[in-house]
Amino acid sequence: MKSSGFLCGIVLCLELLYLVPAEPQPEPLQCSLIAGASALPVLQRTGDVKLGGLFSLHDMVLEADLSFTSKPVSTHCSRFNLRTYRWMQTMLFAIDEINRNDHLLPNITLGYKIYDSCSASFHALRASMELMGGVEEGWERSCRGMVPVVIGDGSSTLSVAVARFLGVFHVPQVSYFSSSSSLSNKAEFPSFLRTIPSDMFQVNALVQLIQHFGWTWVGVVVGDDTYLLEGAQIFSEEVQKVSVCMALHEIIPRNHTAGAMASIVARIRSSGSRVVLVFALEHDTVALFDEVLQQGLIGVQWLTSEAWTTAFVLSTPSRFLPILQGSLGFAIRRLVHLPGLQEFLLHLNPLNPDTPKDPFLPIFWEEVFGCSLQGAQGGSVPGFKPLCTGSEKLENVRNIFSDVSQLRVTYNVYKAVYAVAHALQAIKNCEKGRGTFPLQNCPDTDSLQPWQVLSTYLKHVEFFNLYGDEIKFDKNGDPAAVYDLLNWQLGANGQVEFVTVGTYDESLGTKKLHIQEEDIIWNRNQTTIPVSVCSNSCPPGTRKAHRPHFPVCCFDCVVCTAGEISNQTDATECVRCLPEFWSNEGRTACNHKEVDFLSYGDIMGITLLTVALLGSLCTATVILIFACHCATPIVRANNSELSFLLLFSLALCFLCSLTFIGRPSEWSCMLRHTAFGITFVLCISCVLGKTLVVLMAFRATLPGTNSIKWFRPPQQRAIITLCINRTLTIVHQVVICSVWLAVAPPTPRRLTTHESDLAILVCDEGSALCFSLVLGYIGLLASLCLLLAFLARKLPDNFNEARLITCSMLIFCAVWVAFVPAYISSPGKYSTATEVFAILASSYGLLACLFLPKCYIILLRPEKNTRTHLMAKSVPDNRF
């Protein structure tokens, strides 16, 4: 049976996978295929060197259901592709042009042998076997009749199948439209080359395009094809490396069921992505956009893959314009004009006897003109179509076959043929003794073997064609990756125009992509760049907070906390300001912290200033009262000189508190603490002197004592002076303060924390020991005074000074005992305010307790301001 014979032939050739050595041999390969199947339609022409060609002239194969009860009928190719037929005719045009060229391959005629692969792998493999010297008209042939090189196929899926087969025989295969990145693997496809860049370069171009326009939420719709899926997967991986997220990843089913297509469009709508890349073939995109039109999906910026960027079936029907206008995508470099090609294409006519015999031409003619070539060889059976008259002219028909304005894949076919021709030219020019084969031999052009063409000449071909383009292959058999960035725009005639708005050249290093943004018209005729993000960019002053269970491109914008900033868009974290800086209101910059101190302008400073001045005024009033009534018994009885000295020291205590208010400086810091220490020592010394006077005066009046002479005014002044001189010479406050200022004086210091927007300016104590000694000395005098006053509290006088001193010292000590923990725990300027409060409170306590009762008697109870009343004895009060 014929079918069984054909299967046997396949088995015999596949066995060569294990029989052919890894390295090519100079001897021609021998094989035979058993006749079995009917010969495939072939377009051929004799020549000194015959080139093979594979073109998917039909888009699909119709197969009958296998019942396994009867012999299956032959498969039938359907849906003739006018665009692919133009590619095939371009191969014939290039061969014809080379044969007429006196400088390229002179005296050598190129022939061809072209088959239709019908967009099916098994058809492509069968055609490849025919090109390898397979069965023709039932006669057994040898592999000596194989073609030295094959141009094709267009589909990556078909090229992978063919490349595996032709690679066994080391037959070079030059594809014009197979862009799958897997074909660059020379270990798996050693004899495959191409004139179209790998999908890897297209993916890089698309990634840079998406980066350029700032799209981070992108969808991908891919056709159900192994190599399309591979390209889409590479794209998904690459865009994620540049922080772009996939909004969706949908696969167009091969059967294009209505439910599946509707589901894809619904998911595009619900994803929220405004930029969607369609990585598919033409027939898949037509099915997708039919459903997009039906559902009325608008506002999506479509990115085209190279496979359909200039698709005639999408750009010509006006029904797709509302959704595809503004589409953007890469296409292989376009040749503006190929002289003579259009005339060559329009010259075709199956009824013209001068037209070469072409089994595919009648099918093409019937497809274009919708008529039937009854009786014409290769024509279809007459049906409902009218008969062709022979007067039909291709120039009267506008279709994708005759449209040579977008010579992209067509130009790739042209370059592939010329690459082979230049490789053959190099073989022809080989000089004996300088060849690249063993013993420096040259290939024999009369018995040229495919591996000879591949190994040295075709892989290393390098030349500039007539249009200034350099043709060469890299180590992976790929050409230089150069793309045009095309924008679908509506022309003046109402048709789509493919406007070049940028280029991508892999050879330009880091600046590979160049875009003229001002020339782009976006979807729905917009001029502003569409925005496609899951979340809007976070402005400066905020940071991105990732949403749980969402891609990284979906986030919330969180305002930086106080003291932190972000001065760039989409910051992932906020940066804390240095301690002396604080964030501004917008959280975009760090400014110097505002300096805060106990100033005369804030409420606390004003309050303390008022209280201090009021205290000084009260002290001055008391001095005035005492001065006006200095001759009265109550003033004279309390030693007027010591009272005036005490009042003067109290006035200084009130006034020294003013040095604590205002901006600290080196002088003010040194003044405030020394003034405080000295004035309070003077004040407490006076109180201590009054206590001693009261106590010793009472003791001197007791029977049998002779000590009254020691407590007259001169002696009292001596006691006070002795107390002061003691501190000046030994441990007095002046000595302590002098040492303090000499060793480690108080200085201004900024207190900064990360939690506050203020820099607190305070006076640092300098030496904590000296500061403790100053307070300790004051505390020592106050404690001694309190002890002595307490001992004299029950003296039998109507006006007992000791009681008043005791009360004043209790207040004084209570204030300063409470001051220590309050001072330590108070932050910033509040520690200064605490110290001022302690100074004023203790000063008011002394003033009120020691002088308020006397002023009361002087002003309001003058009858008690008599010597008789003051000298009268009173009953001691045991409660105190």
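Key figures for this structure:
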item: Close pairs (8 angstrom Cβ cut-off, 6 or more residues apart or separate chains): among the aromatic types (Phe, Trp, Tyr) in the stretch 401-413, in a strand (DSSP E or B) anywhere; result: Tyr411/Ile332; Tyr411/Leu335
item: Residue within the stretch 503-520 that is within 27 Å of Ala247 (Cβ to Cβ), surrounded by fewer than 18 Cβ atoms within 10 Å (Cβ to Cβ), touching a Cys at 6+ places or on another chain (Cβ under 7 Å) and modelled with pLDDT of 90 or more present; result: no
item: Residues (crowded, with 21+ Cβ neighbours inside 10 Å and among the polar types (S, T, N, Q)) located in the stretch 801-856; result: Thr806, Ser808, Thr832, Ser842, Ser843
item: Leu439 being among the aliphatic types (A, V, I, L, M), part of a helix (DSSP H, G or I) and either modelled with pLDDT under 90 or surrounded by fewer than 16 Cβ atoms within 10 Å (Cβ to Cβ) (or both); result: yes
item: Single condition Leu14 does not satisfy, out of (1) modelled with pLDDT under 50; (2) touching a Phe, Trp or Tyr at 6+ places or on another chain (Cβ under 9 Å); (3) surrounded by 14 or more Cβ atoms within 10 Å (Cβ to Cβ); result: (3)
item: Conditions (1) part of a loop (DSSP other than H, G, I, E, B); (2) farther than 26 Å from Met146 by Cα; (3) at pLDDT 80 or above: number failed by Phe364; result: (1)
item: Qualifying position, being assigned by TED's automatic domain parsing to the domain that holds Met132, aromatic (Phe, Trp, Tyr) and modelled with pLDDT of 90 or more, among Phe165, Phe235, Phe169, Phe213; result: Phe165
item: Those residues of the stretch 262-289 which are out of contact with any Ser or Thr (no Cβ under 9 Å at 6 or more places or on another chain), under 10 Å from Ala247 (Cβ atoms) and of a type in the set (Lys, Arg), in sequence order; result: Arg267
item: Matching residues, the stretch 810-861, being outside any helix (DSSP H, G or I) and closer than 25 Å to Leu787 by Cβ; result: none
item: Candidate set: the stretch 590-612, residues that are touching a residue at least 40 places away in the same chain (Cβ under 8 Å) and part of a helix (DSSP H, G or I); chosen: the one surrounded by the fewest Cβ atoms within 10 Å (Cβ to Cβ); result: Met604
item: Residue match in the stretch 813-825 (condition: among the hydroxyl-bearing types (Ser, Thr, Tyr), closer than 30 Å to Asp596 by Cβ and in the same structural domain as Pro633 (by TED's automatic domain parsing)); result: yes
item: Top-ranked residue in the stretch 251-280 [being of a type outside the set (Ser, Thr, Tyr) and closer than 17 Å to Leu206 by Cβ; ranked as surrounded by the fewest Cβ atoms within 10 Å (Cβ to Cβ)]; result: Arg274
item: Residues of the stretch 740-777 classified as more than 29 Å from His592 (Cα to Cα), of a type in the set (Val, Ile, Thr) and at pLDDT below 85, total; result: 1
item: Residue pairs meeting the criteria (Cβ under 8 Å; at least 6 apart or on separate chains; first surrounded by fewer than 18 Cβ atoms within 10 Å (Cβ to Cβ), in the stretch 357-368; second assigned to a helix (DSSP H, G or I) and modelled with pLDDT of 90 or more); result: Glu367/Leu82
item: Condition met for Ser537 (buried (at least 19 other Cβ atoms within 10 Å of the Cβ), of a type in the set (S, T, N, Q) and not in a strand (DSSP E or B)); result: no
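So that you can scan it fast, the table gives a plain yes or no per residue for (1) modelled with pLDDT under 90; (2) farther than 19 Å from Met60 by Cα:
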residue: Arg269; (1), (2): no, yes
residue: Glu282; (1), (2): yes, no
residue: Leu288; (1), (2): no, no
residue: Thr310; (1), (2): yes, yes
residue: Thr316; (1), (2): yes, yes
residue: Pro322; (1), (2): yes, yes
residue: Thr355; (1), (2): yes, yes
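The values are calculated or read from the model by the stated rules, or taken from the named source; none is laboratory data. On a predicted model such as this, the values are computed, not experimentally measured, just so you know. Note: ideal-geometry Cβ built from the backbone for every residue, glycine included; neighbour counts use all protein chains shown.
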